[in-house]
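So the structure is just underneath, and the comments pick up after that.
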C-alpha cells in the first residue's frame, strides 16, 4: 500500500467512525446510527448481493453502488480490482458503507487443495483445518471477505455430483470436519487474513433423488435430525458467520420458504444468530416450483423465513420497498435483516478499515507461495486411499521401467475439480510430470491410451500403442477417471462405470500380464470392481488439486506411506446405490448366509457388501488388532466406560493408522443402525511397535433421536466395536444401567 493511499485510508476510516457516531463508540451504536440515517431503499440495497465481472457492465455496477443499491458482491477478485470497487462504495455513495466481497472458495483459492471429499479421506482434522486456513490467506490477500464453504451436506448417493464438495456419508465425521473447516477459514490466521465462512446447504440437499441435482427426495424428520442436521449444528457451535439455504425442499415446502426449518429449528433450536442468505436465484425458484404465484409473494416468504441476503436475483431490490411502504412487511423486519448484514461487515473489520484486504504486495507474496504449495502437497498425499496392493506392487522402484498410460496421465485441469476458484490448469502438476520429477527420464514412457471428452467411447485406435508400451515395461501406471465437469454442481450421472473407452483400455492392458497400478482421478466413488480385479494395485487419488501429480508420485514411490481411509462406501455394483455402512436394523438379516437365504434383505444376483467399505484404506505396512476389552461391564449414566485394544505394526515400515470406534444400541424404542462411528484416532506406529489404544464411551456417544424426535438416552445393552474400517471390527458388550 502506498503512503498516500495509507493516509487516505486512515482519514476515511476516522471520518466514517465519527460521522456514524459522534457520542458513542460501541460497535452496535455504529450499526444503529447507520440504520437511523438510511432510507428504505438504502436498507434494501444492503440485502442485495450481486455478481460482478462478466455478469454486469462495470459502469452499471458502479452506478448501483453509488445509489446505495448494492451491499455485497460476488465473482469480483483481486486486490487491485476490489480496491477500486470499494473506493466507489466508501467514497462515492451517500453513507459510505463498504462492500462485502464474496466468492466460492471451496477447496483453495489459487493454490487448489484436494476436493473436500478427498480431504475427508485423510481423517486428519488439523490438516483439514490448515487447508482451509491456506485458502483463507490466499483469498483474503486477493480482496475477499467471505467464502461459500464449508458444504456439509451428508451424501449417501454416489451419483450426485456434489458429493465431491462434502465430507461423505457419515454425520459424525462430517460434523468434526465441519468444525475444522469453519475454524480454519475464520480463526487460523492473523488479522485480515481470515475469511467469514458460510455453511451450506441448509438442509437435506444431499438427499438428491437418483443423484439428480436440485431434485427433491422426501425424508422424515428423524432422518433430518439424525443425518442432515448434525454437521450444521457443529458448524454453528464453531461460530460460523452465515448459513446458506438449499435449493431443495423439506416436507413438501422449499427450504427458502420453510418456516419450521428456518425459524423453529435454525433460529430457535440451533440458536443461530448470524446471517442467512439464499443460494443463487432461490427466491425466484419459489415461482418456478409453483409455491409462489409471483415474485412478490416469493419475497414475502423469504423475508418471513428470515433470509437476510438475496443472492443474484435482485428481487429484494425491486419488490421490498413497495412491500414496506404498503405495510405487507414491517420496517422492523427490514431493520432486523439489515442489522445482520452490517454486523457481518463489522465482523470482517470493514468499519475499522474498509481497505485492509487490498494489498497487492501481500497478494503477490501469498498466492501459490512455497509454504502453501508444500502444505497442499502434503494434504493431497494424506487424502489418497490405497485400496489394493497385491504382492507389494507398491511402492515402485525408481529402477523399474514405468509406462505411464491413460487419458488422465497428463491431464491438468481435471485434477482441479469442479470448484477451482482462481486455480489454473497451467499451474497443475500432472501425474506424468510428478513421476518424471522423481525418476530417471530414460526409465519412463507415455501413451494416452484413449480419449475422454464426454461419455462416448473414443480413441480406441490408441489402445494398441499403449499395449505395445506396456509389454516393454516392468509396470504400468494407469491414470483413469472422469473429467472435472462430470462431477460437481449439476454433475449427476446414471452410470458409475468409468466413462469412455477406459474399460477397453484396461482390458487390453491386463492381457499383457504387466503389473498395473491404477490411479483413479474422480470426484465420487465409482464402481471399481473390474478395475480392482485387473490391477495389481489401486490408488484412489480423487481430484487432488494443484500439487496432485507430485502427491501421487510421493505415494507411488513410498516417499509417503498412505494413511487415507474412505469417507464413503465404494459400491460393488451400481445397482447397490445408495449404499452406506450404517444401515438400520430390520426384521430380516443383511446376510443371506451359506445357504443363500432368499428371505433376507439382500440382492439375489450380487453380494450385499460394498466393494470397499466406509473407513477402508491400506498402508505399506500392516496392523494387527487384538485383545479388545472394557474396564467394566456396567456403566452408570454420568460415568464412562474405557474400551482398550492392542495394535501392533507388524510390518517393516513406520506408519500411521486411523483406528475407528463404532457403537450399536442392541435394544431401543426406535430402529437404530447396526453400527455408528462415534470416535477415531490417528496414531503413529514404529515398525514392530505395539500400542494400547484407549477410548472412552460417555453418555454423549450413546444419545440418539428418540421417539419424540428429541435427543435422549435409554438404558440397556450396547456393543462397542473397534477396527481399521467399518467391516473388520472386534466387539465387546456393556450395559448402561
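The values are calculated or read from the model by the stated rules, or taken from the named source; none is laboratory data. Nothing here was measured: the structure is a model prediction, and the numbers come from that model. Note that we place each Cβ from the backbone using ideal geometry, even for glycine, and neighbour counts take in every protein chain shown.
Descriptive notes on the structure:
- Condition broken by residue 445, with the remaining ones in (1) in a helix (DSSP H, G or I); (2) modelled with pLDDT of 95 or more; (3) more than 28 Å from residue 496 (Cα to Cα) satisfied: (1)
- Filtering region 169-176 for residues that are under 14 Å from the mean Cα position of the chain (by Cα) and within 19 Å of residue 423 (Cβ to Cβ) leaves an empty set.
- Identity of the residue in region 659-673, crowded, with 16+ Cβ neighbours inside 10 Å and closer than 17 Å to residue 731 by Cα, that ends up farthest from the chain's Cα centre (by Cα): 665
- Set 561, 591: member being in contact with a strand residue (DSSP E or B) (Cβ under 6 Å, 6 or more places away or on another chain), part of a loop (DSSP other than H, G, I, E, B) and not assigned by TED's automatic domain parsing to the domain that holds residue 699: 561
- Failed condition for residue 432, given (1) surrounded by fewer than 24 Cβ atoms within 10 Å (Cβ to Cβ); (2) in contact with a strand residue (DSSP E or B) (Cβ under 6 Å, 6 or more places away or on another chain); (3) in a loop (DSSP other than H, G, I, E, B): (3)
- Only one of 91, 42, 103 that is surrounded by fewer than 14 Cβ atoms within 10 Å (Cβ to Cβ) and modelled with pLDDT of 95 or more: 91
- Of all the listed residues (175, 188, 245), the sole one being buried (at least 24 other Cβ atoms within 10 Å of the Cβ) and in contact with a helix residue (DSSP H, G or I) (Cβ under 8 Å, 6 or more places away or on another chain) is 245.
- Qualifying residue in region 529-540 (condition: free of Cβ contacts under 8 Å to residues at least 40 places away in the same chain, assigned to a loop (DSSP other than H, G, I, E, B) and out of contact with any strand residue (DSSP E or B) (no Cβ under 7 Å at 6 or more places or on another chain)): no
- Any chance residue 690 is more than 30 Å from residue 655 (Cβ to Cβ), touching a strand residue (DSSP E or B) at 6+ places or on another chain (Cβ under 6 Å), in contact (Cβ under 8 Å) with a residue 40 or more places away in the chain and surrounded by fewer than 15 Cβ atoms within 10 Å (Cβ to Cβ): no
- Whether a residue is part of a strand (DSSP E or B), in contact with a helix residue (DSSP H, G or I) (Cβ under 6 Å, 6 or more places away or on another chain), within 17 Å of residue 407 (Cβ to Cβ) and in the same structural domain as residue 411 (by TED's automatic domain parsing) was assessed, and residue 470 does not pass this test.
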